[in-house]
Every structure is written in C-alpha cells, then in structure tokens.
Amino acid sequence: MRKFTAIELKKLNSQLRGVAPSEIIQWILSSCDQPVVTTNFRPYEAAILHACVKVDARIKVIWCDTGYNTPQTYKHAKFLIEQLNLNVKLYTPRETAAYRDAYFNGIPSVDSLEHEEFTRQVKLEPFQRAMAQQQPDVWFTNLRKGQTSFRDSIDILSYSKDGILKVSPFYHWTDEKLDGYLREHKLPNEPKYFDPTKVLNNRECGLHA
C-alpha cells in the first residue's frame, strides 16, 4: 500500500465522508497486501468485524487480551468469533495476572507511578509484539469522532505512530446509527466492557495516541 501525502490524505478523507463502510473496506483491501483489523470486543466492535469479514472472510483479527475483561466480554468475544468465523490472532501479556497482583497489588490507580508500567505490560507490549509479527500495511479500527480529543483530530484515514495506514470506516457514525447496523445484521453489542488501562472512556491507552 503506497503512502499518501498529507494533501492526498485530506482530499481522500473529504471524498470518503458519507461513503458506506463496506465500500471503503473494499477499496482499501483491493490495494493492500497485509491488512489486519484489531479488536478488544468493546461496544460496537461487532460492526467493524462484521464489515471486514464480509469483504475478506480470512482477514487477520488481532485481539490483545489484557486478561482483565469482564465475563460478559469474554462470552461476547466467543460468540462473535464463532458466529463470524473470525481468523483471530490472540496476544496476551508475557506476565501473568498473579504476577501483577503481587507486583502492583492489583490494578494500579491511573494517577500512580505504577500505572504506566502496568499499561505497558497488559496492552502496549502485546500490541507491539502483534504488529511486529503480523507486519500489516493496513490497520482497520473502529475509532470514531467524539470518543476522545485525539480521535477528534484524525479521520477515516490516518497514519499510526509507526506509519501504518489506519482505516476507521465508521469514523463519522453515531451510536444510534451503529445500533441500527447491529440490528440490521442481527449482531450483539457488549456494554460491560472494561479497560483497566483507561478506566474512563475519554482517556487514551497509548495504542493510538
């Protein structure tokens, strides 16, 4: 996948606004070699997973499981993996939860000095390992405008810190519109998701910003 200039990226994002996610995905997949879609099975992740596998049934799905998901999220993940026949590449922290419980005395407060190391162990290191092993040239995500201040600054197409083209086909979609997508395709949602590295929904964990 060739790298777009800043001017090209701005023009493409303007042209793609209002285009159906399936068409965006189809266009991108027609010109890349190693696409991946990342997921943590949080709310509305079913939409991006469904949209991607409808175009490429064997697209690699990177799941970095922190080990701190709720029982509801694990059941939701199992259902979607089976229902959509997802080609999941699972990555987990090198350290066990028991190790972290001993080392950090549980999940560190977001204001503590230990939180940065905790985040590195449970999320950043597994993600970096996944990307290094899978070597994607395109990264599909379900980032959307209005989620965080950083996400408001990107668009449908953007580049990651490592220069990978990041594609967010549902970027301009509201929760209400996504609810309609899930109903139309008979897909479940998962409101009980918990991210131990963020705690608050409007914080970034470090993967994107």
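Some points to look at:
- When every residue of region 14-26 is checked against the conditions, at least one turns out to be polar (S, T, N, Q), part of a helix (DSSP H, G or I) and surrounded by fewer than 14 Cβ atoms within 10 Å (Cβ to Cβ).
- Taken across region 68-78, residues that are part of a loop (DSSP other than H, G, I, E, B), in contact (Cβ under 8 Å) with a residue 60 or more places away in the chain, in contact with a Phe, Trp or Tyr (Cβ under 9 Å, 6 or more places away or on another chain) and not aromatic (Phe, Trp, Tyr) do occur, with at least one present.
- Across region 39-50, a minimum of one residue is classified as closer than 21 Å to Gln147 by Cβ, in contact with a helix residue (DSSP H, G or I) (Cβ under 9 Å, 6 or more places away or on another chain) and β-branched (Val, Ile, Thr).
- Residue within region 164-173 that is out of contact with any Cys (no Cβ under 7 Å at 6 or more places or on another chain), polar (S, T, N, Q), more than 13 Å from Ala47 (Cα to Cα) and modelled with pLDDT of 90 or more present: no
- Residue list for region 1-38, restricted to those being within 20 Å of Gln147 (Cβ to Cβ) and touching a Ser or Thr at 6+ places or on another chain (Cβ under 7 Å): Thr38
- Cys32 vs. criteria over 23 Å from Ser153 (Cα atoms) and within 13 Å of the chain's Cα centre (by Cα): no
- Residue among Leu90, Leu86 that alone is within 27 Å of Leu165 (Cα to Cα), surrounded by 15 or more Cβ atoms within 10 Å (Cβ to Cβ) and without any contact (Cβ under 8 Å) to a residue 60 or more places away in the chain: Leu86
- Residue count for region 96-150, restricted to those that are polar (S, T, N, Q) and in contact with a helix residue (DSSP H, G or I) (Cβ under 6 Å, 6 or more places away or on another chain): 1
- Inter-residue pairs, beta-carbon under 7 Å, first basic (Lys, Arg) and in region 154-173, second outside any loop (DSSP other than H, G, I, E, B), 6+ apart: Lys166/Trp139; Lys166/Ser158; Lys166/Tyr159
- The set of residues from region 1-53 being among the hydroxyl-bearing types (Ser, Thr, Tyr) and touching a strand residue (DSSP E or B) at 6+ places or on another chain (Cβ under 6 Å) comprises Thr38, Thr39.
- Selection status of Glu82, among the acidic types (Asp, Glu), outside any loop (DSSP other than H, G, I, E, B) and under 17 Å from the mean Cα position of the chain (by Cα): no
- Tally of residues being over 30 Å from Asp56 (Cβ atoms), within 23 Å of the chain's Cα centre (by Cα), hydrophobic (A, V, I, L, M, F, W, C) and surrounded by fewer than 17 Cβ atoms within 10 Å (Cβ to Cβ) across region 96-140: 2
- Residue that is modelled with the highest pLDDT [pool: residues in region 177-208 that are aromatic (Phe, Trp, Tyr) and under 19 Å from Tyr74 (Cα atoms)]: Tyr193
The values are calculated or read from the model by the stated rules, or taken from the named source; none is laboratory data. Just so we're clear, the structure is a prediction, and the values are computed from it rather than from any experiment. As a convention, Cβ positions derive from the backbone with ideal geometry for all residues, glycine included, and neighbour counts pool all protein chains shown.
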